[in-house]
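Worksheet: one structure, shown below.
The values are calculated or read from the model by the stated rules, or taken from the named source; none is laboratory data. Everything quoted here is computed from the prediction, not taken from an experiment. Cβ atoms come from the backbone with ideal geometry, glycine included; neighbour counts cover every protein chain shown.
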Amino acid sequence: MKNTVDIRDVSKRYGRVEAVRNVTFALPPGETVALVGHNGAGKTTLIKLMLGLIHPSAGTITVLDENPAAGESAARRRLGYLPENVSFNAALTGRELLSFYARLKGEAPKRAMPLLEQVGLAAAADRRVGTYSKGMRQRLGLAQALIGEPALLLLDEPTTGLDPALRQSFYETVQQLRNRGATVVLSSHALTELEERTDRVVIMNRGIMVANGSLDALRRIARLPTRIRLRMADGNREAVQALLDPQERWQTINGHVVEIEAGPERKMDLLRRATRADMAIEDIEVMPPTLDELYAHFLRSQEAVQ
């Protein structure tokens, strides 16, 4: 198996509405991918296609060397899925529900029980799910998605309702699965949260894939400016003005921090000038374009050509 997922020229239509249009990408083992876009961009449709819940209108899709929509599939036992809005039988306890899903996957229920502790539900394991809060149900959904150490994990807004400690624990689990060779797809609007935790970003807009690559690759394509902050002991603005090229944009923050926008071709030159300057610079902070900024850039670029 070369790739966990292969999507080739896939489109999905609902009547006159084209939810996904001519999308092509591949997901290799051991990669964490952020699938981002506005509501209606086609993210959930792509996830449903990978799960085999719907058929493509055109193109081909292969998941774990199988057609996911072909009916009974051995690959389905190797998938983990967390929908954005989970729904469970309210009469079952957390333990009973996790046992049910473990049996569906052919997993021994007792092997799945540690997952309840992992998501912070050990104390509520024998309570009925109907008494759980929304956040607790989300955590239970995450536990069922992790049953059996899946080879492909599809997570739609996975950290909704998780406190910071559980969110950190969740991403540690994702990293462990990735290290074992699993492919992890994270669909989320929390772009800042995803930025340091993904190998690649796929940006969707109105059913079209508008960008696909690592953050470094997308930054090279977008050529957005890097923000460089110089913290000065004396707040000497005149010295900073003498340091800068007239084309460089800058502003003062809190009186003694100067923020400069440097294009990709000028960034290193500016840093060399700053470190050689005869000024009392206490600190230099380099802030490359964020995932939020890249996302907005690629959406604007697509809109401009339509």
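Considering only residues that are under 30 Å from the mean Cα position of the chain (by Cα) and of a type outside the set (A, V, I, L, M), which ones fall in the stretch 88-102?
Selection gives F88, N89, G94, R95, S99, F100, Y101.
For the stretch 195-217, how many residues meet the condition of being assigned to a loop (DSSP other than H, G, I, E, B) and within 26 Å of Y14 (Cβ to Cβ)?
2
For the stretch 1-56, which residues satisfy the criterion of being farther than 20 Å from E195 by Cα and among the charged types (D, E, K, R)?
The answer is K2, D6, R8, D9, K12, R13, R16, E18, R21, K48.
When the residues of the stretch 155-169 are narrowed to those that are assigned to a loop (DSSP other than H, G, I, E, B) and among the acidic types (D, E), which ends up nearest to L194 (Cα to Cα)?
Checked the stretch 155-169; the qualifying residue nearest to L194 (Cα to Cα) is E157.
Looking at this structure, is T192 β-branched (V, I, T), assigned to a helix (DSSP H, G or I), closer than 30 Å to T62 by Cβ and at pLDDT below 95?
For T192, the condition - β-branched (V, I, T), assigned to a helix (DSSP H, G or I), closer than 30 Å to T62 by Cβ and at pLDDT below 95 - is not met.
What pairs come out if I take residues in the stretch 21-45 that are without any contact (Cβ under 8 Å) to a residue 40 or more places away in the chain and in the same structural domain as A182 (by TED's automatic domain parsing) and pair them with residues that are part of a loop (DSSP other than H, G, I, E, B) and polar (S, T, N, Q) whose C-beta lies under 7 Å away, six or more apart or interchain?
As it stands, the answer is A26/N3, since those pairs meet every condition given.
What number of residues within the stretch 10-39 satisfy the criterion of being among the charged types (D, E, K, R) and surrounded by 20 or more Cβ atoms within 10 Å (Cβ to Cβ)? Let's see the steps before the verdict.
Initial filter on the stretch 10-39 (among the charged types (D, E, K, R)): 12-13, 16, 18, 21, 31.
Remaining after also requiring surrounded by 20 or more Cβ atoms within 10 Å (Cβ to Cβ): 12.
Count: 1.
Within the stretch 179-194, identify whether any single residue is of a type outside the set (G, A, S), surrounded by fewer than 18 Cβ atoms within 10 Å (Cβ to Cβ) and closer than 26 Å to L64 by Cα, and answer yes or no.
yes
List the number of the failed condition for G40; all other conditions in (1) assigned to a loop (DSSP other than H, G, I, E, B); (2) closer than 30 Å to R180 by Cα hold.
(2)
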